[in-house]
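The structure appears right after this line, and notes come after that.
The values are calculated or read from the model by the stated rules, or taken from the named source; none is laboratory data. Just so you know, these numbers come straight off a predicted model, no measurement behind them. Here the Cβ is made from the backbone with ideal geometry for all residues, glycine too, and neighbour counts use every protein chain on show. Protein only, heavy atoms only, side chains kept; ligands, DNA and RNA dropped before computing areas. Shrake-Rupley method; radii C 1.70, N 1.55, O 1.52, S 1.80 Å.
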Amino acid sequence: MAPLRVLELYSGVGGMHHALRESCVPAQVVAAVDVNTVANEVYRYNFPHTQLLAKTIEVLMEFPKIESAHPQKYALDVEYKIQGKNTEPNVSFDSSIQCSGKDAILFKLETAEEIHRKNQQDSDLSVQMLKDFLEDDIDMNQYLLPPKSLLRYALLLDIVQPTCRRSMCFTKGYGSYVEGTGSVLQTAEDVQIENIYKSLTNLSQEEKITKLLMLKLRYFTPKEIANLLGFPPEFGMWNTCRLQLSCIAPESL
């Protein structure tokens, strides 16, 4: 049986390419397609021999028949189409507007059911602790949550410790938005989180920030999230992503 010829659409950083390789199915990825420039850098680094097209999938599908009949004209039309599209807008949104719809401090307490579920997950000894996936030597200051985020979203954060055995699903908004995008790591393990949160009542904003900073909450690094998602240790160039985690979101898998 001849090897499969595979076209990898929405290739991201190559999660599906790696999975195909690990499956041992005879196959060759003849081309990969994605418009995310950061993800493409990582993909190109790990799969240097695969043709990588920085194009939109819509453009590739608009000219399937024209390509075989008029290849030169097809190529020109594709380039024109790409130039006319804003394929990767670089727009910055204020996280308070994005998540809340209003400029107000948001607080939300966990329900008893949520706490019970998390405790059950952390008690599952068949699951590795998060500390097994963490990097040993990182620049903490690069990943610490800023005071403004701590104050505004203190009780929306899903906080985990290195000894936990669970985390929220990480999305491409991680590092840019707070609510529902992924867990944050408490690195000050000797500080009791319950004591910090119980003490916040009736404090000024400055005092609340001082208390919350004691937890030393930080984002997971791109490499750590890659470890959690099952990428192999030799898969490289995560430092390119920094906190642009759209390149290793589930869409990239």
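It is to be established whether one or more residues within the range 109-122 are assigned by the TED database to the domain that holds Glu179, in a loop (DSSP other than H, G, I, E, B), modelled with pLDDT of 85 or more and open to solvent by less than 60 Å² (accessible area, probe 1.4 Å). No, because not a single residue in the range 109-122 is assigned by the TED database to the domain that holds Glu179, in a loop (DSSP other than H, G, I, E, B), modelled with pLDDT of 85 or more and open to solvent by less than 60 Å² (accessible area, probe 1.4 Å).
Would the range 90-102 turn up any residue that is at pLDDT below 90, in contact with a Lys or Arg (Cβ under 7 Å, 6 or more places away or on another chain) and assigned to a loop (DSSP other than H, G, I, E, B)?
Looking for residues that are at pLDDT below 90, in contact with a Lys or Arg (Cβ under 7 Å, 6 or more places away or on another chain) and assigned to a loop (DSSP other than H, G, I, E, B), one finds none in the range 90-102, hence no.
Any residue that is outside any loop (DSSP other than H, G, I, E, B) and open to solvent by 50 Å² or more (accessible area, probe 1.4 Å) - is there at least one of those in the range 149-168? No: zero hits. Selection over the range 123-160 of residues that are in contact (Cβ under 8 Å) with a residue 60 or more places away in the chain and either closer than 17 Å to Leu213 by Cβ or not assigned by the TED database to the domain that holds Pro222 (or both) gives a count of 9. For the range 16-30, a residue qualifies if it is aliphatic (A, V, I, L, M) and surrounded by fewer than 17 Cβ atoms within 10 Å (Cβ to Cβ), and the qualifying residues are Ala19, Val25, Ala27, Val30.
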